[in-house]
1. Given the condition under 20 Å from TYR135 (Cα atoms), touching a Ser or Thr at 6+ places or on another chain (Cβ under 7 Å), at pLDDT below 85 and aliphatic (A, V, I, L, M), answer yes or no: does some residue in region 56-64 qualify?
2. Would you be able to say whether some residue in region 20-41 is loosely packed, with under 13 Cβ neighbours inside 10 Å and modelled with pLDDT of 75 or more?
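The values are calculated or read from the model by the stated rules, or taken from the named source; none is laboratory data. Keep in mind that what you see is a predicted model, and the values were worked out from it rather than measured. Glycine gets a Cβ as well: all are built from the backbone with ideal geometry, and neighbour counts include every protein chain shown.
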Amino acid sequence: MEFSWKTAKKIIGNLITAILFINLILMAVLVVSSKASGGEPQAFGYQLKTVLSGSMEPTFMTGSVIAVKPVDSSQSKGLKKGDIITFQAAEQKLITHRITGVKTSGEHVMYETKGDNNNAADMDPVLSENVRAVYSGFTIPYVGYFIDFAQSKEGGAILLIGPGVLLLAYSAFSIMQGLRELDSKNKKSDTNEKTA
């Protein structure tokens, strides 16, 4: 019985260490990739965008994270009605809405867009040159709040330092526990030698 309990404790300890270590690595990757890409985390060629408004509900909810595939100028001209695009609306403002119509004017392609939850279409058509990405169909609800926190200075520091401190604390606890076991074994062997 004692052997199986020790084995279980060892497995649980290794599992906790692995989880804390993986968490530390993931947080480091998230924070570093968001800083390196100018605020938008990237993974496998996709950008992760946080949904800040309810204009596209119920397709994706406020606070969700969506994966979008960046497009170049040739790809941005070949989009069709029903595609969900992320486009530059102002210098610092990106919007993700659905294409409801496509217009061509000479070499220029323009898209009429609308948020699924909005009553009216967007006022201005979107030039194909202003399309930055296309929605991939991948959404994670509520994670956007966490990514926004990670992108702040305080959040980035906490998410990098927190798992590291937990890992160090757990390592210290494991070392102390190991030393106690060694000490109790030494005391037992000393007692056995004295009685013999």
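1. No, because not a single residue in region 56-64 is under 20 Å from TYR135 (Cα atoms), touching a Ser or Thr at 6+ places or on another chain (Cβ under 7 Å), at pLDDT below 85 and aliphatic (A, V, I, L, M).
2. Taking every residue of region 20-41 in turn, at least one turns out to be loosely packed, with under 13 Cβ neighbours inside 10 Å and modelled with pLDDT of 75 or more.
Each row is one residue, and each column tells you yes or no for (1) within 26 Å of the chain's Cα centre (by Cα); (2) closer than 12 Å to ALA133 by Cα; (3) surrounded by fewer than 17 Cβ atoms within 10 Å (Cβ to Cβ); (4) modelled with pLDDT under 85.
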{"residue": "LEU48", "(1), (2), (3), (4)": "yes, yes, no, yes"}
{"residue": "VAL71", "(1), (2), (3), (4)": "yes, yes, no, no"}
{"residue": "THR96", "(1), (2), (3), (4)": "yes, yes, no, no"}
{"residue": "ILE99", "(1), (2), (3), (4)": "no, no, no, no"}
{"residue": "GLU107", "(1), (2), (3), (4)": "no, no, yes, yes"}
{"residue": "GLY115", "(1), (2), (3), (4)": "yes, no, no, no"}
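Every residue, every condition in (1) out of contact with any strand residue (DSSP E or B) (no Cβ under 6 Å at 6 or more places or on another chain); (2) of a type in the set (D, E, K, R), yes or no:
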{"residue": "SER53", "(1), (2)": "yes, no"}
{"residue": "SER76", "(1), (2)": "no, no"}
{"residue": "MET110", "(1), (2)": "no, no"}
{"residue": "LYS114", "(1), (2)": "no, yes"}
{"residue": "ASN118", "(1), (2)": "yes, no"}
{"residue": "VAL126", "(1), (2)": "no, no"}
{"residue": "PHE138", "(1), (2)": "no, no"}
{"residue": "VAL143", "(1), (2)": "no, no"}
{"residue": "ILE158", "(1), (2)": "yes, no"}
